Structure formats: C-alpha cells, structure tokens
Amino acid sequence: MKLLVVEDEVALADALSEILKRNKYAVDTVYDGEDGLDYALTGLYDCILLDIMLPKKDGITVLRELRAAHLSTPVLLLTAKSDTEDKIKGLDSGADDYLTKPFVSGELLARVRSLTRRRGEVMTDEFTFGDIALNKSTFSLSREGQFVKLSLKEYQILELLIANPKQLIAKERFIEKIWGYESDVEYNNVEVYISFLRKKLTALGSTVTIKTARGIGYFLEGGA
Ligand code: CA
C-alpha cells in the first residue's frame, strides 16, 4: 500500500509519515498543493492524506482538480478543528473522509485502513495466492503451517504481486510503488529482493513461483 501525504507543517508531515511507515505503508511526503497535485496525478497511490490550508494551491482546489481529472484515489482531508465549512466543502468536492487535527495515531490508521479497503474485501490480515498466505501484521509468509519471516521490501514486493495476480508488473512499477517516485534505486535492487523471495518460496515447498518476463518485470504463477 502506498500513500501520499500532502501537508505543509513539516513536523506534522514527518510525524504522519513515520507513523504510517511503522505500520508498513510506503509513504511519499510533499509540502505544498502543486507538488501534491503532481504526485497524486501519477495514480500510484492507494490513499491521499491532504491538508486543506496549503501553500501554492489549497487542498480543496487540489481535490477538485484530481476529481476533474477522474482520479478516484480515496482522499482523507486533514482539517483544523474550526474548519467546519471546509469539511463540508471538502466532502462536497469529492473527499472520502476527513480527520480533525490534532488526532491520535489510532484514529488516523483506522481511517486509512477503512479508505484503502477494497470494495467487498473481507477484513483480514492475510493475502493468499495458490498455496501461500502473506500476513501483513506479522510480515510472514506461510504454507501449511510453516512460516518464514520477510523483510519490509520483500513483503512489499510480494504484496504487490499478490494484489495483481497473474498480471505482469514492470520493474519500474515496483520501484515507484515501493521505493518512491523520485528514488534512484536501480532495477537490480528489485532483482535482489525477487531472488530472496524465490528462495523463501522454495524453502516453504510452495508451488507458487515468481516468473520473469525478461527485460520487463515479474508475475506470479501457481495460483489455483
Ligand atoms: Ca496547513
């Protein structure tokens, strides 16, 4: 899951990003409305946390422009307590929910979880594919009662593969989703983590394999 935080109060933006990263989200942070709009329009995010009072372009304008561009990414507005009118304007402009500052991290996480839950998705900590299950609270991969622990990057790579079953995922997409839009990570970083994951799948005796589409990317095989 990849989130975008658009918040000009640097301390708050960094605290938000820290809380979210600790909870296994990949996070990009920008500090003004223009960058917020540019980043959001990439369509790479599963949810956008958008402050209303922002330099260069306010949050409501950013939101209207996103919706005008038919971007349906869920938006959680961050508002000050007194901004009742802004909340209404925000919801009318296409926000999915809002969070009043100051907030506690439990509420923030609950709202993000609720907005990123796919329609019809059962609340579960597990993604399954073929004979394997990926657990997002323990970061473990399991098959028939056997478990292996994954690193954060391994987890994120496998989550992206399982979320898009049998779909070819380009190496660029992994880098954008996991390392970040402006990251200078190279393709061989992805290859290294893929090879770790393959070893772990083999160790579990799984029939699931990560296939290579040479020069392009990867896809999963072995699902039922
Ligand atoms: Ca602000």
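Give segment 60-90 a look and list any residue that's within 27 Å of R173 (Cα to Cα) and within 13 Å of the ligand (Cβ to nearest atom), or say none.
Once the filter is applied, which keeps residues that are within 27 Å of R173 (Cα to Cα) and within 13 Å of the ligand (Cβ to nearest atom), segment 60-90 yields V62, L77.
Sort out which residues of segment 130-144 are surrounded by fewer than 18 Cβ atoms within 10 Å (Cβ to Cβ), outside any loop (DSSP other than H, G, I, E, B) and of a type in the set (V, I, T), and write them in order of number.
Matches in segment 130-144: none.
Any residue in segment 35-44 that is of a type outside the set (A, V, I, L, M, F, W, C), surrounded by fewer than 19 Cβ atoms within 10 Å (Cβ to Cβ), at negative phi and modelled with pLDDT under 95?
yes
Kindly list the number of the only condition in (1) within 12 Å of the ligand (Cβ to nearest atom); (2) touching a residue at least 24 places away in the same chain (Cβ under 8 Å) that fails for V10.
(2) is the only condition that V10 fails.
Please work out which one of (1) modelled with pLDDT of 85 or more; (2) buried (at least 18 other Cβ atoms within 10 Å of the Cβ) is the condition G90 fails and give its number.
(1)
When only residues in segment 111-126 that are modelled with pLDDT of 80 or more and among the hydroxyl-bearing types (S, T, Y) count, which is surrounded by the fewest Cβ atoms within 10 Å (Cβ to Cβ)?
S114
Can you find a residue in segment 83-105 that is of a type in the set (A, V, I, L, M) and either under 19 Å from K136 (Cα atoms) or assigned to a loop (DSSP other than H, G, I, E, B) (or both)?
Yes, there is a match, as at least one residue in segment 83-105 is of a type in the set (A, V, I, L, M) and either under 19 Å from K136 (Cα atoms) or assigned to a loop (DSSP other than H, G, I, E, B) (or both).
Show the residue pairs that are 6+ apart or on different chains and have beta-carbon atoms under 7 Å apart, the first residue being within segment 41-58 and of a type in the set (S, T, Y), the second being assigned to a strand (DSSP E or B) and more than 16 Å from the ligand (Cβ to nearest atom).
Y45/K2; Y45/L3
Which residue out of L54, L50, L44 is under 28 Å from I175 (Cβ atoms), within 12 Å of the ligand (Cβ to nearest atom) and either part of a loop (DSSP other than H, G, I, E, B) or assigned by TED's automatic domain parsing to the domain that holds I175 (or both)?
Checking each option against the conditions leaves just L54.
Suppose the filter is of a type in the set (A, V, I, L, M, F, W, C), at pLDDT 90 or above and farther than 25 Å from W179 by Cα; does L54 pass it?
Answer is yes for this residue.
Quick one: in segment 13-38, which of the residues that are assigned to a loop (DSSP other than H, G, I, E, B) and under 23 Å from A163 (Cβ atoms) is farthest from the ligand (Cβ to nearest atom)?
Looking at residues that are assigned to a loop (DSSP other than H, G, I, E, B) and under 23 Å from A163 (Cβ atoms), I get K24.
The values are calculated or read from the model by the stated rules, or taken from the named source; none is laboratory data. A quick note: this is a predicted structure, and the numbers were derived from the prediction, not measured. For neighbour counting, all protein chains shown are included, and Cβ atoms are generated from backbone atoms with ideal geometry for every residue, glycine included.
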